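Please treat every number below as a calculation from the coordinates, not as lab data. Quantities reported herein were computed from a predicted structural model and do not represent experimental measurements. Reconstructed Cβ throughout: ideal geometry from the backbone, glycine too, with neighbour counts over all protein chains shown.
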Amino acid sequence: MVDLLDIIARFRTKGILLDTNLLILLVVGLYRRDRISKFNRTRQYTINDFDLITAFIHQFPRRITTPHILAETDNLMRQMDRNEHRALSIVMSSLVSTLLEICVPSVDAVRQGAYDRLGLTDSAIQIAAVTEDVLVVTDDAKLANWLAHAGRDVLNINHVRMLNWN
């Protein structure tokens, strides 16, 4: 069992890194909460999940991301209707300004043992998590298992749901 309060206390000043799917949830929820259940990339989440993730990340003043996560998020959010792109871009621009972007060279990410199993973005997440000593929050079981097996603290969105903050 994960001791959530202990993990939050240990990483509060170090920081947090959200994976692509959770960052998309934030962008879509900040844009229009009612779109969460209608957009194919966020359909598996609820408005309550958005509220929980929003409250959770506010526990961490230092929020880390990578160019890989941002590029993937931007590309996937553009699967929404074209007439929504301008508003989504405004939300994304505002959100990006609150994040500390850590550059992980792709050449380093592809040299990781995780690359062939996890892909470029998740390999970069693994490097950023180690380099910056931050907590990764994800809904990706493969990524979470890889990080946990490597001795890194990682939370799945289900752990955050157990907190039930709002």
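Some observations on this one:
- Dipole moment magnitude, nearest 20 debye, the chain about Cα centre, only Lys, Arg, Asp, Glu C-beta charged: 380 debye
- Total formal charge among the other residues, if their Cβ is under 10 angstrom from that of G15, Lys/Arg +1 and Asp/Glu -1: +2
- Computing P(r) over Cα pairs in 10 Å bins from 0, in percent directly from the structure and comparing it against [x] 9, 33, 29, 18, 7, 3, 0; [y] 10, 41, 37, 11, 0; [z] 10, 38, 34, 14, 4, 0 singles out [y].
- Check: the range 9-106 dipole with +1 on Lys, Arg Cβ and -1 on Asp, Glu Cβ, in debye: 160 debye
- Two-site FRET efficiency, R161 against D6, from Cβ-Cβ distance with R₀ of 22 Å, rounded to 0.05: 0.80
- The separation of the range 107-165 from the range 17-55, counted between C-alpha centres, amounts to 19 Å.
- Once both labels are positioned 7 Å from their Cα atoms along Cα-to-Cβ, the gap between T46 and D34 label points is 2.0 nm.
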